[in-house]
1. Please go through (1) at pLDDT 75 or above; (2) of a type outside the set (Val, Ile, Thr); (3) farther than 30 Å from B:GLU60 by Cβ; (4) surrounded by fewer than 18 Cβ atoms within 10 Å (Cβ to Cβ) for A:ALA393 and return the number of the only condition it doesn't satisfy.
2. Could you list, ordered by first residue, the pairs with Cβ atoms under 9 Å in which the first is in segment A:327-341 and of a type in the set (Ser, Thr, Tyr) and the second is modelled with pLDDT of 70 or more and open to solvent by less than 100 Å² (accessible area, probe 1.4 Å), at least 6 apart or interchain?
3. Of everything in segment A:147-182 that's more than 37 Å from the chain's Cα centre (by Cα) and open to solvent by less than 20 Å² (accessible area, probe 1.4 Å), which residue is farthest from A:GLY195 (Cα to Cα)?
4. List every residue pair whose Cβ atoms lie under 6 Å apart, where the two residues are 6 or more positions apart in sequence or sit on different chains, the first residue falls within segment A:148-177 and is modelled with pLDDT under 90, and the second residue, located anywhere, is buried (at least 17 other Cβ atoms within 10 Å of the Cβ) and hydroxyl-bearing (Ser, Thr, Tyr).
5. Looking at B:GLY46 and the list (1) under 25 Å from B:SER171 (Cβ atoms); (2) more than 9 Å from every other protein chain (Cβ to nearest Cβ); (3) buried (at least 21 other Cβ atoms within 10 Å of the Cβ), which single condition is not satisfied?
6. Give the residues of segment B:103-135 that are touching a Phe, Trp or Tyr at 6+ places or on another chain (Cβ under 8 Å) and of a type in the set (S, T, N, Q), sorted by residue number.
7. Taking only pairs six or more apart or across chains, which ones have beta-carbon atoms under 9 Å, a first residue in segment A:397-420 that is in contact (Cβ under 8 Å) with a residue 60 or more places away in the chain, and a second residue that is surrounded by fewer than 17 Cβ atoms within 10 Å (Cβ to Cβ) and of a type outside the set (A, V, I, L, M)?
8. For segment B:67-101, which residues satisfy the criterion of being closer than 25 Å to A:ARG379 by Cα and among the β-branched types (Val, Ile, Thr)?
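The values are calculated or read from the model by the stated rules, or taken from the named source; none is laboratory data. Nothing here was measured: the structure is a model prediction, and the numbers come from that model. All Cβ positions, even for glycine, are placed from backbone atoms using ideal geometry, and neighbour counts span all protein chains on display. Surface areas here come from the heavy atoms of the whole protein model, side chains and all, with no ligands, DNA or RNA. Shrake-Rupley method; radii C 1.70, N 1.55, O 1.52, S 1.80 Å.
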Amino acid sequence: MLWLCIHLPALPLEALAPPPDSCVAVAEPEGARRRLVAVSAAAAARGVQAGIDVPAALGLAPDLRLLPRNPQAEGQALETVACWAYELGAPVTLAAAAASVWVEIRRSLRLFGGWAALRRQVQRQSGALAYTVQYGVAPTLAAAALLARADAGLARPLTRRGEIHAGVANWPLQRLPLPRDVLAVLHGSGLRRIGQVLALPRDALGRRFGAQVPLLLERLLGRAAEPWESYQPPAVYRRSLELPGGVQSTEALLFPLRKMIGELVLYLRARDVAVQRFNLVMVDARRGATALEIGLLAPSRDAARLWLLVRERLEKVALPAPALELRLEAERFESAPMPQGDLFGTARHGEQLAELQERLAARLGAGAVRRLAATADHRPEQAWSTQGPAAGAPQPPRPLWLLPQVKPIPMPRLLGPPERIESGWWDGRHQARDYHLAQDAAGRKLWVYRELGSSQWHLHGLWE
Amino acid sequence: MGAVPSRAAAALDALAAMPGIWRGFGRLRPDAEPTGNAQLDAALAGGWPAGALSQVVGSETGLGFSLLLPLLARMTQAGRPAALVAPPYIPYAPALRDAGVALEHLLWITPKDRLDALWATEQMLRSGLFGTVALWSPPLDASVERRLQLAAETGRSVGIVSHAHAGPANSVAAVRLQVSAAPDGLQVEVLRCRGARPGAQLRYPLPRAA
């Protein structure tokens, strides 16, 4: 195994997707105090750092907004990164406690054709991630995580087990993923480097700190098996994002939504599927939920296309109350469309047309964008539809315009012989009418009829 | 001796074929889409201008739709989509089919309000995917008209705007037709046409006269 570890140092903050440039920090209780675990760039610029406690942070920045940790959001974020990692290799595994995702890359390395190509691929792909990431590569999960936390990057991978010891021996002791009190005792005994700890007899370490500590060191070096579980993307996609304080304007929803769409696309790519229908739900405190169903003409997993659709839909929405939570849900997936270009680019053309129609339907409503079809029925009202077959027996000439509502009119000037249209007794919409070409006072050509046995004329269509 | 004039003529033709060159009256525009009616083609210097806006002013609501039929038929048969935006009545599918319109390439757009209608028209004209986009609307402001004109230019589409009343006289449309009912079809008057003399009058027959 060769693991690429992707570590998210700012996960507690970035999982909450606070507005950019806001002065916020995530705090977590530790004993009687509360300590900051992650701070935004704006807060860091004021001297607020992760690790200090809340009163000290508020002393530095009195307007600092404090958010509690949200383990569910952090878990979702890690799953997103796991989906992202699927494009680099498989299997993929993740650990919430370590804020890390690992992907096996030994085989992909051959597939991509070496380190330089893999590095380029990671670079190219990392634009799709809305998280700060650090990389580390090593043959064991623990060593890869150690390297990732130290932000070793992809340039200096440890590719063989035998290299691990020498690779980390000179690093400070504090980088070992050991409990804080264990590290304090080791430090108190005069140990400063990881190499010094690795040199200690394992049974002595076990007696002093319990069996976990020597086991961890053995795993780090690849001398003991590491337990891990392969991550599989779930069959149904559900993500939610809390909006602390609530958001009233749909414009302010765009930033977190864009991130959510990006994450949906990562999920689709990991499963190699596409989506044709998904739901966007905005939950508020008062009236419950505003749900938008977003439909596409053809399955897609193109982030730009999905995003454009969502934005178009959202422009037409007025939220009844501030939204407290955003949910993005998709339950049915289609096989991914094959990207194919033909000689004349007509496939691309059709795709663009589908995309434009989706945008029109998103803004105007699905019922406002239709295709017409002629159906094989003699009755004028039944002879057109917005779908269905266009076949049919030839009929006498028909007017270009049909009135949505038939209009009673006084007897017009008739211009031609009647056309008897009698049909439909089988489905209860029986018609027996005499249609005529006629003309009104202004000379306009009309299509009029009279029911059999009635003297009332009706205007049904216009010819030009 | 003979080669020089012919080369000069070829150069002149190439020059004249450039869309930006105005060649005076009586010549055909290279970007004209035939109307399907020889008289109307002659009056419009070749047909409906592509990449521009044409106005059809009917004396009554919806009058003049039949002028568009041959254009719609030719475009849709060639697989170039066409769209009818906010028509005043239901475009009747059997008649359209009989006129040769390939219905699978025709979109019928019924927006809720005028703003959406203008937005949709602009999007479709600009996209370059539609051969022609026809909008039915009350007369447009000059600024709106310029936007649609620009969109048609960008997408190289035939933009058609139909009104039931004459709009302001300062319209930027390349073609403006006045249409009224006549005993045997439509009475068409060319009020304006870029590259042709205005004032032409003609009779346009009933579609597949009853």
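1. Failed condition: (1).
2. A:SER335/A:ASP272; A:SER335/A:VAL273; A:SER335/A:ALA274; A:SER335/A:PRO299
3. A:VAL182
4. Close Cβ pairs satisfying both conditions: A:GLY153/A:TYR135; A:LEU154/A:TYR135.
5. (3)
6. B:THR132
7. The qualifying pairs are A:ARG398/B:ARG208.
8. Correct list: B:ILE90, B:VAL101.
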